Amino acid sequence: MLSRIDLRGRTLGTAELRRTLPRGAADVDSVVDTVRPVVEAIREHGASAALDYGEKFDLVRPTSVRVPADVITEAGETLDPAVRSALVEAIRRARIVHSAQRRSDTVTEVAAGGFVTEKWVPVERVGLYVPGGKAVYPSSVIMNVVPAQVAGVGALVVASPPQADSGGWPHPTILGACALLGVDEVWAVGGAQAVSLLAYGGQDTDGRELEPVDMVTGPGNVYVTAAKRLCRSVVGIDSEAGPTEIAVLADHTADPVHIAYDLISQAEHDPDAASVLVTDSEQLADAVAREVEARYTVTLNSDRVRDALEGPQSGIVLVDDIDAGLRVVDAYAAEHLEVQTRDSAGDAARVRNAGAIFVGAYSPVPLGDYAAGSNHVLPTSGTARHSSGLSVQTFLRGIHVIDYDRAALKEIAPTVVALADAERLPAHGEAVRARFEDLTAEEGEK
């Protein structure tokens, strides 16, 4: 099922590696023109247009966009006990990790009487998108809500597609997770129309205002990503997420059964998901290929897994040694990178580019998907080379506060004037000179 790329005996530069390695990618450009009318209709007509499109795409029209409070409460109260316990524990661990990320304001005295403070201010209102369709994602509720709450976001809106078999509301497990987290504003709207309505707001069927948000986060399909792109001049976004991906760097000490299941587990997300093994052991490569073939049919989503593993975005990459393997995975910059080698911790410490790194045989990607305490909203399609996953910082804005007294400004005034004149913007210098009767043009030039 898994294609093979043999890089042994070859030394490729970064550019050639990026062209050679298997890679999944969402073709956002191909659907932008399809999504644009949705965005424009919702900008003009608000909730009624969003409900119209929801009825067309999801085949269900809820009686209102906003889910009634009693529906959310009931979903929380009727959660399966085992699911409730799992969600509570996942929330607890996520809070531990994300609480440690909260930044403190810093005050720097640059000169006597001259201070610059960097203060961290949370985004006021955030829309958190939770997908539906191929699977149910209460874990995505946790991964979006917890860091936003820790950051101190003023108001949270969770948007998730309505379900025909759930009374026209989002899946009850999604609503139950919202109840556990204290989220009381949930919108029954999905896809591109959800992102658009979050960006532009509108009026609900009962006349209540649906206030627009300042930022939209959360994963989704290519149509959600296209809507994010089209709305990013109106709201902030976390990223343009592509199909999910896993890369495993392994040597002969790794267990092929473990790796096979790890590749299969990621492939069941989506037919476009990418599963890549990088190894210096041909014996391990052969064993993993056999185990994947033997085991993928046991999953509920075997057709989806087969499509993903047989796709050009998945495969096995053979390298000369682990040093070469590290160069490959750094060029690939996987969303999820597992390191299963003789020295997993040491090799993982050498990785520069990955959304999240999972060290050793007992840190599989599904642990991070649900309950490691880390965040599973991560950069895809190689963007881990320059971007981070969702965190408390996503929801914070650093604002510099400049506070100079008269003496401090006068001391630095000649520097400001000289640079303003060098940039041929003399009014900048005059704005400083105007504050000092005894600051002459000659002094400004010194």
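The values are calculated or read from the model by the stated rules, or taken from the named source; none is laboratory data. In this text, all values refer to a predicted model and were calculated from it rather than measured experimentally. Cβ: placed from backbone, ideal geometry, glycine included. Neighbour counts: every protein chain shown.
Residues are listed down the side, and each one gets a yes or a no for (1) at pLDDT 95 or above; (2) closer than 25 Å to ILE237 by Cα; (3) outside any helix (DSSP H, G or I); (4) touching a strand residue (DSSP E or B) at 6+ places or on another chain (Cβ under 9 Å):
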site: VAL60; (1), (2), (3), (4): no, no, yes, yes
site: VAL83; (1), (2), (3), (4): yes, no, no, no
site: ILE91; (1), (2), (3), (4): yes, yes, no, no
site: ARG95; (1), (2), (3), (4): yes, yes, no, no
site: LYS119; (1), (2), (3), (4): yes, yes, yes, yes
site: GLY133; (1), (2), (3), (4): no, yes, yes, no
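Across the stretch 277-296, the number of residues qualifying as in a helix (DSSP H, G or I), touching a His at 6+ places or on another chain (Cβ under 6 Å) and surrounded by fewer than 22 Cβ atoms within 10 Å (Cβ to Cβ) comes to 0. Annotation note: Cβ proximity below 9 Å between a residue of the stretch 350-365 that is modelled with pLDDT of 95 or more and a residue that is aromatic (Phe, Trp, Tyr) and crowded, with 18+ Cβ neighbours inside 10 Å (sequence gap 6+ or interchain) occurs for ASN353/TYR332; ALA354/TYR332; PRO364/TYR261; PRO364/PHE358; VAL365/PHE358.
When the criteria are applied in full, ALA289 meets the requirement of being at pLDDT 95 or above and of a type in the set (Gly, Ala, Ser).
Taking the stretch 183-206 as the range and being closer than 18 Å to THR63 by Cα, buried (at least 20 other Cβ atoms within 10 Å of the Cβ) and among the β-branched types (Val, Ile, Thr) as the test, the residues that pass are VAL186, VAL189. Across the stretch 37-88, the qualifying residues are those that are of a type in the set (A, V, I, L, M) and loosely packed, with under 15 Cβ neighbours inside 10 Å, and the one among them that is nearest to PRO162 (Cα to Cα) is LEU59.
Going by the structure shown, is ALA151 out of contact with any Asp or Glu (no Cβ under 7 Å at 6 or more places or on another chain), within 18 Å of ILE399 (Cα to Cα) and buried (at least 18 other Cβ atoms within 10 Å of the Cβ)? The answer is yes for ALA151. With the structure loaded, tell me whether LEU180 is crowded, with 24+ Cβ neighbours inside 10 Å and farther than 17 Å from ASP58 by Cα or whether it fails that test. For LEU180, the condition - crowded, with 24+ Cβ neighbours inside 10 Å and farther than 17 Å from ASP58 by Cα - is not met.
Just wondering, is there one or more residues in the stretch 402-417 that are in contact with a His (Cβ under 9 Å, 6 or more places away or on another chain), crowded, with 21+ Cβ neighbours inside 10 Å, in contact (Cβ under 8 Å) with a residue 12 or more places away in the chain and not assigned by TED's automatic domain parsing to the domain that holds VAL107? Checked the stretch 402-417: at least one residue is in contact with a His (Cβ under 9 Å, 6 or more places away or on another chain), crowded, with 21+ Cβ neighbours inside 10 Å, in contact (Cβ under 8 Å) with a residue 12 or more places away in the chain and not assigned by TED's automatic domain parsing to the domain that holds VAL107.
Condition first: in contact with a helix residue (DSSP H, G or I) (Cβ under 8 Å, 6 or more places away or on another chain) and either of a type in the set (D, E, K, R) or exposed (fewer than 15 other Cβ atoms within 10 Å of the Cβ) (or both). Can you find one or more residues in the stretch 361-372 that meet it? Yes, the stretch 361-372 contains a residue that is in contact with a helix residue (DSSP H, G or I) (Cβ under 8 Å, 6 or more places away or on another chain) and either of a type in the set (D, E, K, R) or exposed (fewer than 15 other Cβ atoms within 10 Å of the Cβ) (or both). Taking GLU240, is it surrounded by fewer than 24 Cβ atoms within 10 Å (Cβ to Cβ) and either out of contact with any Lys or Arg (no Cβ under 8 Å at 6 or more places or on another chain) or free of Cβ contacts under 8 Å to residues at least 12 places away in the same chain (or both)? Judged against the criteria, GLU240 is not a match. Output yes when any residue across the stretch 180-191 is in contact with a helix residue (DSSP H, G or I) (Cβ under 9 Å, 6 or more places away or on another chain), in a loop (DSSP other than H, G, I, E, B) and aliphatic (A, V, I, L, M), and no when none is. So far as the stretch 180-191 goes, yes, one or more of its residues are in contact with a helix residue (DSSP H, G or I) (Cβ under 9 Å, 6 or more places away or on another chain), in a loop (DSSP other than H, G, I, E, B) and aliphatic (A, V, I, L, M).
Taking residues in the stretch 158-171 that are more than 24 Å from VAL146 (Cβ to Cβ) and in the same structural domain as GLY76 (by TED's automatic domain parsing), and partners anywhere that are surrounded by fewer than 20 Cβ atoms within 10 Å (Cβ to Cβ) and among the hydroxyl-bearing types (Ser, Thr, Tyr), the pairs with Cβ atoms closer than 8 Å and at least 6 places apart or on different chains are GLY168/THR63. Comparison of THR217, THR205, THR244, THR253 shows that the only residue that is touching a strand residue (DSSP E or B) at 6+ places or on another chain (Cβ under 7 Å) and polar (S, T, N, Q) is THR217.
Tally up the residues in the stretch 160-194 that are closer than 19 Å to LEU87 by Cα and not acidic (Asp, Glu), please. Residues flagged as closer than 19 Å to LEU87 by Cα and not acidic (Asp, Glu) within the stretch 160-194 amount to 16. Pairs linking a residue in the stretch 132-147 that is within 21 Å of GLN193 (Cβ to Cβ) to a residue that is in a helix (DSSP H, G or I) and acidic (Asp, Glu), with Cβ atoms under 9 Å and 6 or more positions apart or on different chains, are GLY132/ASP58; GLY133/ASP58.
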